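The values are calculated or read from the model by the stated rules, or taken from the named source; none is laboratory data. Owing to the predicted nature of the structure, the values given are computational and were not obtained by experimental measurement. Note that we place each Cβ from the backbone using ideal geometry, even for glycine, and neighbour counts take in every protein chain shown.
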Amino acid sequence: MNKLNVLTGERGRYRWMTIYTQYSLLGLLLKGVPDIVKGKCVAITSFDGGPLTPNEEERERGWHCVGDVFWTTPVDNPFLIPYEDYDEWYIFDNEINLGEVTNFVNYGAFVLDNYETIAERLKENPTWDRKLVQKEIEGKKTLQDKFWRQIEKYNPVSFVAEGYIFNLATRDLPTFEKILRWSENPFSYE
């Protein structure tokens, strides 16, 4: 298996990770680092690109929806959490009034990678249209700024989104260290 292209950084109290990959990693993350959700309430704001409704078994566990947000009770078994493609999770110690959120996973190329780094990579190819590159950079910066404002507003312990790109942010540093080790070989958890 090829080594993943893992980018990491920090913003305020949060450590973040972006992985460019063709592989689905969310299930492997739950197997490799179940602590990310154990004992936490998970707000699923996107499931396969849209809202999720709990089935009967999930309702019996106390899982429910508030608006378009699917909430778990504190998770004891991470493998019961439904996941698909284009999922976005906010992970909290307790359920909060999440209100209306932007689903960043549905912006296909949304990344947490620093936009200055993105700009440098885009500028590496001298044949690219400079105005188009600058417009792309400005769009990514605007979207990232909106993301970080939303994170600051709701203050989740962790955020995970997997679509075309895997993005994760957390203020739980011990768990982030585990996630870093997991990212070195996530396929060993298959």
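Condition (residue is touching a residue at least 60 places away in the same chain (Cβ under 8 Å), touching a Phe, Trp or Tyr at 6+ places or on another chain (Cβ under 6 Å) and crowded, with 18+ Cβ neighbours inside 10 Å) applied to the stretch 30-39: is it met by at least one residue? Checked against the condition, which is being touching a residue at least 60 places away in the same chain (Cβ under 8 Å), touching a Phe, Trp or Tyr at 6+ places or on another chain (Cβ under 6 Å) and crowded, with 18+ Cβ neighbours inside 10 Å, the stretch 30-39 yields at least one hit. Condition check for Glu57 on (1) surrounded by 14 or more Cβ atoms within 10 Å (Cβ to Cβ); (2) not in a loop (DSSP other than H, G, I, E, B): one failure, at (1). Take the conditions (1) closer than 25 Å to Gly39 by Cβ; (2) touching a Gly at 6+ places or on another chain (Cβ under 7 Å); Gly163 misses just one of them, which is (1). Beta carbons closer than 6 Å, at least 6 apart along the sequence or on distinct chains, pair a first residue in the stretch 174-190 that is touching a residue at least 60 places away in the same chain (Cβ under 8 Å) and over 14 Å from Asn5 (Cα atoms) with a second that is of a type in the set (Gly, Ala, Ser) and crowded, with 18+ Cβ neighbours inside 10 Å for Tyr189/Gly32.
Being of a type in the set (Val, Ile, Thr) and at pLDDT 95 or above is the filter here, so list the residues in the stretch 143-190 that pass it. Before the answer, list the steps.
Kept after step one, since they are of a type in the set (Val, Ile, Thr), are these residues of the stretch 143-190: 151, 157, 160, 165, 170, 175, 179.
Matches in the stretch 143-190: Ile151, Val157, Val160, Thr170, Thr175, Ile179.
Just one of the numbered conditions (1) exposed (fewer than 15 other Cβ atoms within 10 Å of the Cβ); (2) farther than 25 Å from Leu4 by Cα; (3) modelled with pLDDT of 85 or more is not true of Pro126: (3).
Restricting attention to the stretch 41-58, the residues that are among the charged types (D, E, K, R) and under 16 Å from Gly108 (Cα atoms) total 1.
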